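The values are calculated or read from the model by the stated rules, or taken from the named source; none is laboratory data. Since this is a predicted model, take the numbers as computed values, not measurements. Every residue, glycine as well, gets a Cβ built from its backbone with ideal geometry; the counts of neighbours run over all protein chains shown.
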Amino acid sequence: MKPILTFIFLFPLIIFSQTENRWYSFMYDSEEFYSYDSKSIKIMGSKIRVWIKREPFPWCKDEVIKNLKEKAFLIDEEKYNSYSHTKSYYEIDCSKRCIRTLKIIHYDENGNSIKSYNFEDRDCDEPVPESIGEEMLDKICELRKNYLKGNK
(Lines give C-alpha, C1' and ligand atoms only; values in the text may rest on other atoms or scores of the structure.)
Protein backbone atom coordinates (compact mmCIF):
# COMPACT_ATOMS: atom_id res chain seq x y z
CA MET A 1 0.00 0.00 0.00
CA LYS A 2 2.81 2.41 0.81
CA PRO A 3 4.38 2.19 -2.70
CA ILE A 4 0.98 2.96 -4.24
CA LEU A 5 0.48 6.02 -2.02
CA THR A 6 4.01 7.19 -2.81
CA PHE A 7 3.26 6.88 -6.52
CA ILE A 8 -0.04 8.77 -6.17
CA PHE A 9 1.67 11.66 -4.41
CA LEU A 10 4.75 11.74 -6.64
CA PHE A 11 2.92 11.27 -9.97
CA PRO A 12 1.91 14.97 -10.21
CA LEU A 13 5.52 15.96 -9.56
CA ILE A 14 6.64 13.71 -12.39
CA ILE A 15 4.01 15.09 -14.77
CA PHE A 16 4.36 18.77 -13.89
CA SER A 17 7.97 19.05 -14.83
CA GLN A 18 9.88 19.90 -17.94
CA THR A 19 9.36 17.38 -20.73
CA GLU A 20 11.37 17.05 -23.92
CA ASN A 21 13.31 20.25 -23.03
CA ARG A 22 10.57 22.41 -24.50
CA TRP A 23 7.20 21.35 -23.05
CA TYR A 24 6.44 22.68 -19.56
CA SER A 25 3.41 21.41 -17.66
CA PHE A 26 1.45 24.25 -16.11
CA MET A 27 -2.09 23.07 -15.26
CA TYR A 28 -4.51 20.17 -15.26
CA ASP A 29 -8.20 19.38 -15.17
CA SER A 30 -10.03 16.21 -14.14
CA GLU A 31 -8.94 14.26 -17.26
CA GLU A 32 -5.83 15.87 -18.75
CA PHE A 33 -2.71 17.80 -17.99
CA TYR A 34 -1.58 20.79 -20.05
CA SER A 35 1.91 21.78 -21.20
CA TYR A 36 3.05 24.80 -23.19
CA ASP A 37 5.78 24.75 -25.82
CA SER A 38 8.48 27.17 -24.67
CA LYS A 39 10.00 27.30 -28.18
CA SER A 40 6.83 28.40 -29.98
CA ILE A 41 5.93 31.42 -27.86
CA LYS A 42 5.34 34.61 -29.86
CA ILE A 43 4.56 37.84 -28.04
CA MET A 44 2.90 40.63 -30.01
CA GLY A 45 2.02 43.52 -27.71
CA SER A 46 -0.74 42.36 -25.36
CA LYS A 47 -1.14 39.11 -27.32
CA ILE A 48 0.71 35.84 -26.97
CA ARG A 49 0.63 32.89 -29.37
CA VAL A 50 1.56 29.51 -27.96
CA TRP A 51 1.13 25.78 -28.61
CA ILE A 52 -0.56 23.90 -25.77
CA LYS A 53 -0.38 20.10 -25.48
CA ARG A 54 -3.15 18.24 -23.64
CA GLU A 55 -2.43 14.68 -22.55
CA PRO A 56 -4.94 12.47 -20.75
CA PHE A 57 -4.09 10.96 -17.41
CA PRO A 58 -3.65 7.18 -17.88
CA TRP A 59 -6.74 6.41 -15.80
CA CYS A 60 -8.87 8.79 -17.94
CA LYS A 61 -7.57 7.92 -21.40
CA ASP A 62 -10.46 5.61 -22.33
CA GLU A 63 -13.02 8.27 -21.40
CA VAL A 64 -11.13 10.96 -23.35
CA ILE A 65 -10.97 8.67 -26.41
CA LYS A 66 -14.69 7.92 -26.09
CA ASN A 67 -15.48 11.66 -26.03
CA LEU A 68 -13.25 12.34 -29.04
CA LYS A 69 -14.90 9.52 -30.99
CA GLU A 70 -18.32 11.03 -30.29
CA LYS A 71 -17.12 14.36 -31.67
CA ALA A 72 -15.65 12.66 -34.75
CA PHE A 73 -19.20 11.83 -35.94
CA LEU A 74 -18.12 8.36 -37.10
CA ILE A 75 -15.50 9.94 -39.38
CA ASP A 76 -12.02 8.60 -38.55
CA GLU A 77 -13.50 7.07 -35.39
CA GLU A 78 -11.27 3.98 -35.66
CA LYS A 79 -8.13 6.15 -35.75
CA TYR A 80 -8.90 7.44 -32.25
CA ASN A 81 -8.28 3.99 -30.72
CA SER A 82 -4.57 4.89 -30.59
CA TYR A 83 -5.10 8.53 -29.51
CA SER A 84 -2.22 9.99 -27.50
CA HIS A 85 -2.57 13.77 -27.17
CA THR A 86 -3.84 17.02 -28.67
CA LYS A 87 -1.83 20.10 -29.62
CA SER A 88 -3.69 23.40 -29.95
CA TYR A 89 -2.34 26.72 -31.17
CA TYR A 90 -3.83 29.67 -29.32
CA GLU A 91 -3.68 33.43 -29.52
CA ILE A 92 -4.46 34.94 -26.15
CA ASP A 93 -5.10 38.66 -25.77
CA CYS A 94 -4.20 39.49 -22.19
CA SER A 95 -5.58 43.05 -22.23
CA LYS A 96 -8.97 42.03 -23.72
CA ARG A 97 -8.96 38.78 -21.70
CA CYS A 98 -9.96 36.57 -24.60
CA ILE A 99 -8.72 33.41 -26.33
CA ARG A 100 -8.65 32.63 -30.03
CA THR A 101 -8.11 29.02 -31.09
CA LEU A 102 -6.08 28.96 -34.32
CA LYS A 103 -5.44 25.25 -34.81
CA ILE A 104 -6.16 21.89 -33.15
CA ILE A 105 -4.38 18.63 -34.03
CA HIS A 106 -5.10 15.20 -32.52
CA TYR A 107 -2.19 12.71 -32.51
CA ASP A 108 -1.90 8.95 -32.16
CA GLU A 109 0.65 7.06 -30.07
CA ASN A 110 3.16 7.09 -32.98
CA GLY A 111 3.03 10.88 -33.33
CA ASN A 112 0.91 10.79 -36.49
CA SER A 113 -1.87 13.30 -36.99
CA ILE A 114 -5.34 11.76 -36.65
CA LYS A 115 -7.32 14.90 -37.41
CA SER A 116 -6.59 18.62 -37.65
CA TYR A 117 -8.75 21.72 -37.61
CA ASN A 118 -7.87 25.28 -38.70
CA PHE A 119 -9.68 28.25 -37.21
CA GLU A 120 -7.66 31.25 -38.51
CA ASP A 121 -10.83 33.29 -39.08
CA ARG A 122 -12.28 32.59 -35.63
CA ASP A 123 -13.01 35.50 -33.27
CA CYS A 124 -11.44 35.96 -29.86
CA ASP A 125 -13.80 34.61 -27.18
CA GLU A 126 -13.96 35.52 -23.52
CA PRO A 127 -13.66 32.41 -21.36
CA VAL A 128 -16.43 31.36 -19.02
CA PRO A 129 -15.69 32.56 -15.45
CA GLU A 130 -14.10 29.90 -13.21
CA SER A 131 -13.50 27.58 -16.20
CA ILE A 132 -10.44 25.75 -17.47
CA GLY A 133 -10.31 28.38 -20.25
CA GLU A 134 -10.10 31.22 -17.75
CA GLU A 135 -7.41 29.37 -15.78
CA MET A 136 -5.41 28.85 -18.99
CA LEU A 137 -5.79 32.53 -19.94
CA ASP A 138 -4.56 33.64 -16.50
CA LYS A 139 -1.57 31.29 -16.51
CA ILE A 140 -0.51 32.09 -20.08
CA CYS A 141 -0.83 35.84 -19.45
CA GLU A 142 1.35 35.40 -16.36
CA LEU A 143 3.82 33.52 -18.58
CA ARG A 144 3.74 36.45 -21.06
CA LYS A 145 4.49 38.89 -18.24
CA ASN A 146 7.44 36.75 -17.10
CA TYR A 147 8.82 36.53 -20.63
CA LEU A 148 8.64 40.31 -20.99
CA LYS A 149 10.56 40.63 -17.70
CA GLY A 150 13.15 38.16 -18.96
CA ASN A 151 12.18 35.38 -16.49
CA LYS A 152 11.46 32.44 -18.75
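So, of the residues in region 26-61 that are among the small types (Gly, Ala, Ser) and under 17 Å from Leu137 (Cβ atoms), which turns out to be surrounded by the fewest Cβ atoms within 10 Å (Cβ to Cβ)?
Narrowing region 26-61 to residues among the small types (Gly, Ala, Ser): 30, 35, 38, 40, 45-46.
Going one step further and asking which of them are under 17 Å from Leu137 (Cβ atoms), we end up with 35, 45-46.
Details: Ser35: 25, Gly45: 8, Ser46: 13.
So the residue we want is Gly45.
Among the numbered conditions (1) among the acidic types (Asp, Glu); (2) part of a helix (DSSP H, G or I); (3) modelled with pLDDT of 95 or more, tell me where Glu70 comes up short.
In the conditions (1) among the acidic types (Asp, Glu); (2) part of a helix (DSSP H, G or I); (3) modelled with pLDDT of 95 or more, Glu70 misses (3) alone.
Residues Glu135, Glu78, Glu120: which one is more than 16 Å from Val50 (Cα to Cα) and outside any strand (DSSP E or B)?
Values: Glu135 fails: more than 16 Å from Val50 (Cα to Cα); Glu120 fails: more than 16 Å from Val50 (Cα to Cα).
Answer to the selection: Glu78.
Restricting to region 117-130, give me the number of residues that are surrounded by 10 or more Cβ atoms within 10 Å (Cβ to Cβ) and within 16 Å of Cys94 (Cα to Cα).
Residues flagged as surrounded by 10 or more Cβ atoms within 10 Å (Cβ to Cβ) and within 16 Å of Cys94 (Cα to Cα) within region 117-130 amount to 4.
For Glu78, all conditions in the list (1) within 17 Å of Asp138 (Cα to Cα); (2) loosely packed, with under 13 Cβ neighbours inside 10 Å hold save one; what is the number of the exception?
For Glu78, the failing item is (1).
Show the residue pairs meeting these rules: Cβ distance below 9 Å; 6+ apart or different chains; first residue within region 25-44 and without any contact (Cβ under 8 Å) to a residue 24 or more places away in the chain; second residue among the hydroxyl-bearing types (Ser, Thr, Tyr) and in a loop (DSSP other than H, G, I, E, B).
Note: pairs meeting the criteria are Ser25/Ser17.
Tally the residues that are charged (D, E, K, R), in a strand (DSSP E or B) and either in contact with a Pro (Cβ under 8 Å, 6 or more places away or on another chain) or closer than 23 Å to Leu143 by Cβ (or both), restricting the search to region 95-117. If you could, list the steps in order and put the result at the bottom.
Initial filter on region 95-117 (charged (D, E, K, R)): 96-97, 100, 103, 108-109, 115.
Narrowing the set further to residues that are in a strand (DSSP E or B) leaves 100, 103, 108, 115.
Those still in the list that are either in contact with a Pro (Cβ under 8 Å, 6 or more places away or on another chain) or closer than 23 Å to Leu143 by Cβ (or both) too: 100, 103.
Number satisfying all stated conditions: 2.
Could you tell me which of the residues Ile65, Ile8, Ile14 is at pLDDT below 95, in a helix (DSSP H, G or I) and surrounded by 14 or more Cβ atoms within 10 Å (Cβ to Cβ)? Spell out how you get there, then give the answer.
Values: Ile8 fails: surrounded by 14 or more Cβ atoms within 10 Å (Cβ to Cβ); Ile14 fails: surrounded by 14 or more Cβ atoms within 10 Å (Cβ to Cβ).
It is Ile65.
Counting only residues that are hydroxyl-bearing (Ser, Thr, Tyr) and over 18 Å from the mean Cα position of the chain (by Cα), which one in region 81-116 is surrounded by the fewest Cβ atoms within 10 Å (Cβ to Cβ)? Lay out the reasoning, then the answer.
Restricting attention to region 81-116, the residues satisfying the condition of being hydroxyl-bearing (Ser, Thr, Tyr) are 82-84, 86, 88-90, 95, 101, 107, 113, 116.
Still in the list and also over 18 Å from the mean Cα position of the chain (by Cα): 82, 95.
Details: Ser82: 13, Ser95: 9.
The qualifying residue surrounded by the fewest Cβ atoms within 10 Å (Cβ to Cβ) is Ser95.
Across region 66-125, what is the total count of residues that are free of Cβ contacts under 8 Å to residues at least 24 places away in the same chain, of a type in the set (A, V, I, L, M) and within 25 Å of Ile41 (Cα to Cα)?
Of the residues in that region, 2 qualify.
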